[in-house]
Amino acid sequence: MSLAGRLARWEVLLAAVLVTLVWTGTSLSAVFLTPRNFANLTAALIEVAIMALPMALVIIAAEIDLSVESMVGLASSLLGFLWAEGVPLQVAIPSVLAVGALGGLLNGVLVSRFGLPSLVVTIGTLALFRGLALVILGPRGISQFPDAFTAFGFGTVPGTAIPWPALVFIALALVLGIVLHATWIGRQVFATGKNASAARYSGVRVARLKLALFVLSGVVAALAGVILTARFASARADAGTGMTLTVVTIVLLGGVNIFGGRGTIPGVVLAALTLAVLGNVLRLANVAAEIQSIAIGALLVVSVVIPTLAHRTKLAIDRVSGGRRRPAGAVGAGGGTGP
Amino acid sequence: MTAVPDVPSAAGPGPRPARLVLEGVSKAFGATRALIDVSLELQAGEIHGLVGENGAGKSTLVKILAGVHPPDQGTITLDGQPAAVHGPAHARALGIAVVHQEPRLFPDLTVAENVFMGHAPTGRLGSVDWRTMRRATERRLRELDVPLDPGSLVRGLSMADQQLIEIVKALTLDARVLVLDEPTASLSTHEVERLFAIVRRMRDRGVAVLFVSHRLDEVFALCDRATVFRDGRHVTTALTADLTTADLIRHMVGRAVERSPRAEHPIGQPILEVAGLSRAGAFEDISFVVRGGEVVGLAGLVGAGRTEVARVLFGIDRPHAGEIRLDGRPVTFDSPAAAMRAGIAYVPEDRHQDGLVLDFPIATNVSLPILTRLFRLFVRPSVERRLAEGYGEQLRVRMRDVDQLVASLSGGNQQKVVLAKWLATRPRVLILDEPTRGIDIGAKVEVHRIISELTASGLGIVLISSDLPEVLAMSDRILVLHEGRLAAEISRAEATEERVMFAATGAARVAEGPAAGAAGSPR
């Protein structure tokens, strides 16, 4: 079980980094460990963190969805448009989520039925969804949402310091964590990511599975758009711009292999917390926003480079020390079943 | 039978000078010894046939001459000079031109550009001299009597024309040695004739031609001498005039046939019935029946369509015509999942690519096809482990425990894990595609034992194998495919290696008489 061991070590490393950051934060500022700051903490990254959860499943299945940030914008502008047209939110929100599912379905059909690379497909829909958002709402912003709705964005779960959006994140992390790690669906996701061909020969309906993952990603991105609209009490077509980079950063920092087949939901949760706390600490230390962006970019590169280097080093060590017959080339071929 | 050219050959009759000499060449890939101490002499101005069963070492030899693989041992001499081939480009520089089975051309470039790829004539300032290129190509096409326009794109040209362009390319290199690897596999009779005329003309100019083919009638029609390889060794070289088809096949097969005694068991009702099954470009009009407790061998040469038939039966590809019946009821499969549910299991040819998730433990590999059957939603590792342990014991998989990664097992044990995973689906029909390829003798014997045990339990088995002794030893009946068609159906009692090879090489059509004679006489 060297695989589980390696991932466990990665998560332990993340946890250690997180503890160090919290310790730095508390020593930097007295307000760090207050409920108010906790609200700030979640505010910075909550939509991104929510979207990172389904993205983890998509990347483990050896695909990627770069269109999520535009789906946030499409969801926000559609919600604003419907509300401005007098559609009640009880109808508008489910409609927005349905559009998210449709967008995901489009990605999924293009990838799984037509066999197109998801990198290209979702770059296309990245532009497409943003364009639709701008057509629907134009440059204007819609506000005057009802208090109950904005309270969902600002408020906390009664009796606790947990903001409502954070509760969504926790619930989704629990559900997807269980699905990925304890059910046959999760097993099929891993098998598809490690060796799609062997999975297909083993009766896994690979195309259908990928389609479902893209739909999930679309729905959750639309949900993130609704949450963002509630938190800012304003619907805008440019909502979510630039979020995809951070979503992917969290997933990869969480130990998910960019080539598919490896990763855990606990790792992604830890990575989201780490990134949120890092941003918070940098802000408390009065580091400029530009520098924060550099930090996130560097983290993305480092979180891809370190596991790859570690893997290479391990292979090199195996090659030097192992005298036994080695199917390592075949392992590489089996693991890297990306398009 | 040798066609004597009307143009006298350059060297005239009598011994011709040796052009290319291989001495003591050996090549191993890991534990597999592909070529063992092989010697071969190609004379200037001869066409030399090279034949042998699948895995006899023919393609390895071609790859060594093409510079793709360096030999482990042995020497290559070209016109008396020792020549080590360092790579494909170096092979070309030495004057060794290799025409592969599949033409490797650039479809979006013109005929002339393809012919001069890598050595285009240049004008001043190093720019490509298009006119010279076009003229030179035109001249050579005319020399070979090939009616092609040098300016037309390769895309859209027939396989035969592409094959000819490869040969023209070889000509521009002033080839001293021309190697043709299965050049007629995709050609029609007429196109084959045209190709042969050109090859003969090249021979007459003093080029040494090595003609690798499965089609024995072609070897007799074209070649001056023929060499037979078997199991990586040189068996014989003789003038084709002194050989018969039966001789050639006997040399190719050669081994003493070991038939492992098989427990007699009753053969039951038909389970799988296939009628008129066709898939365009792969196979045509295939019909057969598999009964319970029966092993049906599917023999044939590489590319005969055996795996393609299996892929259709397992729902990976769709048939274009024909019917599949399971227990008398017609079925259609739109996916492997559907075929699996109906009771068909397929152990694929490529274990690493299609058979296993190498990075998964043994237990999860075994449970993968039946996850949805075993568990409603939540996976219980203890159930998976017990299942894998049960099959591990039955199939005698050598492992530390079922949590071990499959990648760390030996080839034979990996194959047993593939078998375990398919047995766990409790199939009615099990299709085995090259189940013992690349595994050691001990594991092979065990796989054969498992096959025998499975038939005793009433399973119907389709055994695809290029290992002829294996097919003969294991099968109750043998179906022989030749170029996508059913060439023969031979019962266990009547099956000999010679008969199977006759059918597989298409020789049965040409020489029905000798085939029967050869099958009857040696014993």
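Can you tell me which residue in the range B:170-185 is surrounded by the fewest Cβ atoms within 10 Å (Cβ to Cβ), limited to those that are more than 24 Å from B:Val219 (Cβ to Cβ) and out of contact with any strand residue (DSSP E or B) (no Cβ under 6 Å at 6 or more places or on another chain)?
Going through the qualifying residues, I end up with B:Asp174.
Out of the residues in the range B:93-125 that are part of a loop (DSSP other than H, G, I, E, B) and small (Gly, Ala, Ser), which is surrounded by the fewest Cβ atoms within 10 Å (Cβ to Cβ)?
Here the answer is B:Gly118.
Kindly evaluate B:Pro469 against the criterion of being away from chain A (no Cβ under 14 Å) and assigned to a helix (DSSP H, G or I).
Yes; evaluated as a whole, the condition is true for this residue.
Could you tell me whether any residue of the range B:322-334 is at the interface with chain A (Cβ under 8 Å from one of its Cβ atoms), within 29 Å of the chain's Cα centre (by Cα) and either in contact (Cβ under 8 Å) with a residue 12 or more places away in the chain or in a strand (DSSP E or B) (or both)?
There is no residue in the range B:322-334 that is at the interface with chain A (Cβ under 8 Å from one of its Cβ atoms), within 29 Å of the chain's Cα centre (by Cα) and either in contact (Cβ under 8 Å) with a residue 12 or more places away in the chain or in a strand (DSSP E or B) (or both).
Tell me which of these B:Leu272 doesn't satisfy, since it passes every other one: (1) crowded, with 18+ Cβ neighbours inside 10 Å; (2) within 14 Å of chain A (Cβ to nearest Cβ).
In the conditions (1) crowded, with 18+ Cβ neighbours inside 10 Å; (2) within 14 Å of chain A (Cβ to nearest Cβ), B:Leu272 misses (2) alone.
May I ask you to verify whether A:Arg283 is assigned to a helix (DSSP H, G or I), within 14 Å of chain B (Cβ to nearest Cβ) and surrounded by fewer than 24 Cβ atoms within 10 Å (Cβ to Cβ)?
no
Test B:Glu294 against the stated conditions and say whether it is among the acidic types (Asp, Glu), surrounded by fewer than 17 Cβ atoms within 10 Å (Cβ to Cβ) and either closer than 24 Å to B:Gly506 by Cα or over 21 Å from the mean Cα position of the chain (by Cα) (or both).
No, not satisfied.
Which condition from (1) farther than 17 Å from B:Leu463 by Cβ; (2) within 12 Å of chain A (Cβ to nearest Cβ) is the one that B:Arg351 breaks?
Exception for B:Arg351: condition (1).
In the range B:44-77, how many are surrounded by 20 or more Cβ atoms within 10 Å (Cβ to Cβ) and in a strand (DSSP E or B)?
Matching residues across the range B:44-77 total 6.
What are the residues in the range B:431-459 that are in contact with a strand residue (DSSP E or B) (Cβ under 9 Å, 6 or more places away or on another chain) and within 14 Å of chain A (Cβ to nearest Cβ), if any?
Residues satisfying the conditions are B:Ile431, B:Leu432, B:Asp433, B:Gly438.
Out of the residues in the range B:78-92 meeting the condition of being of a type in the set (Gly, Ala, Ser) and surrounded by 14 or more Cβ atoms within 10 Å (Cβ to Cβ), tell me which one is nearest to the chain's Cα centre (by Cα).
B:Ala91
Name the single residue that is farthest from the other protein chains (Cβ to nearest Cβ) among those in the range B:357-367 being under 18 Å from B:Pro427 (Cα atoms) and not small (Gly, Ala, Ser).
B:Val366
Quick check on this structure: which one of A:Leu176, A:Leu270, A:Leu211, A:Leu245 is surrounded by fewer than 23 Cβ atoms within 10 Å (Cβ to Cβ) and over 27 Å from B:Val357 (Cα atoms)?
That would be A:Leu245, the only listed residue that is surrounded by fewer than 23 Cβ atoms within 10 Å (Cβ to Cβ) and over 27 Å from B:Val357 (Cα atoms).
So, in the range A:165-205, of the ones that are of a type in the set (Ser, Thr, Tyr) and either more than 7 Å from chain B (Cβ to nearest Cβ) or assigned to a helix (DSSP H, G or I) (or both), which residue ends up farthest from A:Leu57 (Cα to Cα)?
Here the answer is A:Tyr201.
State which residue pairs qualify: first residue on the phi < 0 side of the Ramachandran plot and inside the range A:24-41, second residue assigned to a loop (DSSP other than H, G, I, E, B) in any location, beta carbons under 7 Å apart, and separation of 6 or more residues or different chains.
Close Cβ pairs (under 7 Å, with a partner that is assigned to a loop (DSSP other than H, G, I, E, B)) amount to A:Gly25/A:Phe32; A:Thr26/A:Phe32; A:Thr26/A:Leu33; A:Leu28/A:Ala285; A:Pro35/A:Ala161; A:Asn37/A:Val31; A:Phe38/A:Ala161.
With the requirement that a residue be within 34 Å of the chain's Cα centre (by Cα), among the small types (Gly, Ala, Ser) and loosely packed, with under 13 Cβ neighbours inside 10 Å, what does the range B:126-159 give you?
Matches in the range B:126-159: B:Gly156, B:Ser158.
Grab the helices (runs of 4 or more DSSP H) fully contained in the range A:1-116, keeping just those with 1 or more residues being under 22 Å from A:Ser217 (Cβ atoms).
Answer list for the range A:1-116: A:35-60, A:68-84, A:89-112.
Quick check on the range B:393-405. Is at least one of its residues buried (at least 20 other Cβ atoms within 10 Å of the Cβ) and part of a helix (DSSP H, G or I)?
No.
Only one of A:Val248, A:Val268, A:Val256, A:Val281 is among the β-branched types (Val, Ile, Thr) and at pLDDT 95 or above. Can you tell me which?
Result: A:Val268 is the single residue among A:Val248, A:Val268, A:Val256, A:Val281 that is among the β-branched types (Val, Ile, Thr) and at pLDDT 95 or above.
If B:Gly315 passes every condition in (1) closer than 28 Å to B:Gly52 by Cβ; (2) small (Gly, Ala, Ser); (3) within 14 Å of chain A (Cβ to nearest Cβ) but one, which one does it miss?
The single condition B:Gly315 does not satisfy is (1).
Which one is surrounded by the fewest Cβ atoms within 10 Å (Cβ to Cβ) among residues in the range B:409-430 that are part of a helix (DSSP H, G or I) and away from chain A (no Cβ under 13 Å)?
Only one residue tops the list, namely B:Leu423.
Can you confirm whether the range B:445-466 contains a residue that is of a type in the set (Lys, Arg) and either in contact (Cβ under 8 Å) with a residue 24 or more places away in the chain or not assigned by TED's automatic domain parsing to the domain that holds B:Ala310 (or both)?
So far as the range B:445-466 goes, no, none of its residues is of a type in the set (Lys, Arg) and either in contact (Cβ under 8 Å) with a residue 24 or more places away in the chain or not assigned by TED's automatic domain parsing to the domain that holds B:Ala310 (or both).
The values are calculated or read from the model by the stated rules, or taken from the named source; none is laboratory data. Every value quoted in this text rests on a predicted model; they were computed, and no experiment measured them. So basically every Cβ, Gly included, is an ideal-geometry build from the backbone, and we count neighbours across all protein chains shown.
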